[in-house]
Amino acid sequence: MTATSPGTATSRRRLLSHRAAVLGLPLALLGTGVGASALVSGALERSGIEQARQASEQLATSEAAALSDAVRTYTTALQSLAATVGNQPALTDEQFQDLTATMTSLPGVANLTYTVPVADDPQAVARAQEQLRAQLHTQLTLKPQPSEIGEHRFVISYRGVDASGSALGADASTTPQITEAATSARETGRVAVTSPYVLLADRSLPQNEQQQSVLFVAPVVGGPAQADRGVFRGWVSAAFRTGTVLESTADRPSSLQAQLTLWDTTNAMTPQELTLVDPGAALAQHSAQADVIAGSRRWRLQVTPTVQAHANEVGQDPTIAFAAGNAASLLLAALLFSVTAGRERARRQVEQATVDLADEIASRRRGEEALRTREAELGAYTTVVADRLRLPLAHVTALTEAARQNEMWTPTQWQERMGHVKGRLDSAYRLVDDLLLYAQVSELALTERTIDLLTLAQTIAAEQETAAADRCEELRPRIEVGPLPTVVGEPWLLQQLLARLVDNAVVHAPAGHPALITLAADLTGSRFRGETWRIEVRDRGLGVPTDRRTSIFEPFAGEDADVELGSNHLSLAICRRIALRLGGDIGVDEDPRGGGVFWFTLPVRSTAGVPVAPHPVTAGAAHAPS
């Protein structure tokens, strides 16, 4: 058997290494190229999705503007009719028909009426019928119904537009929606709009053919030249089918690209659907909203694009980029294979390759020096973090050892000990989450929205009350939320900032006393130099010494006793980074009544055109620490 010399074995290993490089480098390049193509394709797709979202918001805004124009047109026409009727000494039915002739062309109008109030008394109804017959020159028959408001409201003139039958002589006081709007119009002197209801003429139709309708109601008073100047006479009203109105105001191409849903959100807790324009195609996952004011009602237009419209906005760029990137990567990998194979052949022909080892060594030394510097910087930070994590881990270890030595624990004892373990682990998890948020908050992308701070603060206060539900009544936090403004900012970061300041006040309440917290706002600065909102969280807690009012906003700058109160010495540092990220500042002052005043500022900005933040505020994937 022939022995193999060490030199020969080394040469074989080197040969195998070079051959592996011939295949390995092209494959590595191909893998890197495919990965880069996927990243570029993903970025383009996210950009396309964002463009699709913006397109939906623009569509919602434009459609809402068109609907608002229609509402103004209806309101103006009805106000003009009410003024004209008020300037007539005694309106006949023929005159009413003439005055309303031009209004029949309004989109979606179903009927036009003139209604007058009559006392809830049979004799009063009889006298009114006799007088109205003489005034209107018709054989009007009033049809009183039991009334719960102390008066009847009779339709004395009626013009139907697209509905059969007539409501002439009907008592409108029996319809709650009409009664509410008419009462509002008489009290305010302005046009009022009813909540949605189905017209009497439509209630005989099949269920799937019935439309929701609304009634625009304007008060009629005696005109300046009339004997009854300024005296309330009655109401003129126009009924509109909301489905027909929305279809007439919607842009035709838009209605084929998205589903349009109109809601009455006057009562935010129980929104009512007014109508829906369905494009008859599959819908995308996202939607956009815009508000429309109709008299005293608030409508919300929701736009949900079709899958095809969404795909058109995203485009084919992601697919093209992925395919082109993969093709380029494959071509480069083939070229690299050709180069490395040629080099390998040259290496075999030329025994010695010239390599500039000096530069390589110098470069390596520079890299090692930079690495040592970085390790030194991270060392101090890691020491503090390890020290903060050691406390919960020490408790977990102690409880685990105790559990191992006490095999006779009852289930209740086990549950109590495991509760302690879970509490300590939760503290460690919160520390890790806060570390991630502290490191990432300065780089997070801002998605600005219009934020109602009052609603946000009330939600935070409710969460604190829920969290303290297991405490006795005397020790539960008492949070007073004063008037707070509507601002523009990043919803999730602002929620984190306000919630952490409130939580800090709760945690540092005096032992044996409830936390007394007040949230308020003040407008500071000037229009010339820039106005800012100063948001304050006042507490009657332990207060902050003067020499610590700056350092408490540094990481891990708290007292050791704070850890036992549930603090990890990062929350206020996170608050400072968030305040700076939102373009403001943060600080703490002494409260003359005791305790401290933690405050932060936000620049005053216009909310026009800025979308409203969802409620409740939630963290998106880009914001949640991972």
Residue 422-residue 590 pseudo-label distance in nm [points 7 Å out on the Cα-to-Cβ vector]: 4.4
Sequence-distant residues sharing a close amide H with residue 234 (under 5 Å, placed H): 220
Apportionment of accessible area to carbon and sulfur, segment 62-311, percent (1.4 Å): 49
Potential lengthening between residue 177 and residue 471 on full extension [0.36 nm per residue; Cα-Cα distance subtracted]: 101.2 nm
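Whole number please: convex hull volume per residue, Cα atoms of segment 62-311, in Å³. Write down the numbers at each step before the final one.
Details: hull volume 32.8 nm³, N = 250.
Dividing the Cα hull volume of segment 62-311 by its residues yields 131 Å³.
Enter the per residue convex hull volume of segment 50-183, computed from alpha-carbon coordinates, in Å³ rounded to the nearest integer. Present the calculation step by step, with values, prior to reporting the outcome.
Details: hull volume 18.5 nm³, N = 134.
Once divided by residue count, the hull of segment 50-183 is 138 Å³.
Indicate the gyration tensor shape class of segment 505-551 (rounded, prolate or oblate), computed on the Cα atoms with a ≥ b ≥ c the square roots of the eigenvalues: a/c under 1.5 is rounded; otherwise a/b larger than b/c is prolate and the rest oblate.
Numbers: a/c = 5.13, a/b = 1.96, b/c = 2.62.
Here segment 505-551 falls in the oblate category.
Sorting 98, 522 by accessible area (1.4 Å probe), largest first, what list results? All intermediate terms of the calculation are to be shown ahead of the outcome.
Values: 98 105, 522 80 Å².
Result, largest first: 98, 522.
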Debye-sum result for segment 417-487 in log10 I(q)/I(0), which assumes one identical scatterer on each alpha carbon, at q = 0.23 Å⁻¹: -1.04
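The values are calculated or read from the model by the stated rules, or taken from the named source; none is laboratory data. Predicted, not measured: the structure shown is a model, and the values here were computed from it. When we count neighbours, we look across all protein chains shown, and the Cβ atoms used for this are built from the backbone with ideal geometry, even at glycine. To get the accessible areas, we keep the full protein, side chains included, count just its heavy atoms, and leave off ligands, DNA and RNA. Shrake-Rupley method; radii C 1.70, N 1.55, O 1.52, S 1.80 Å.
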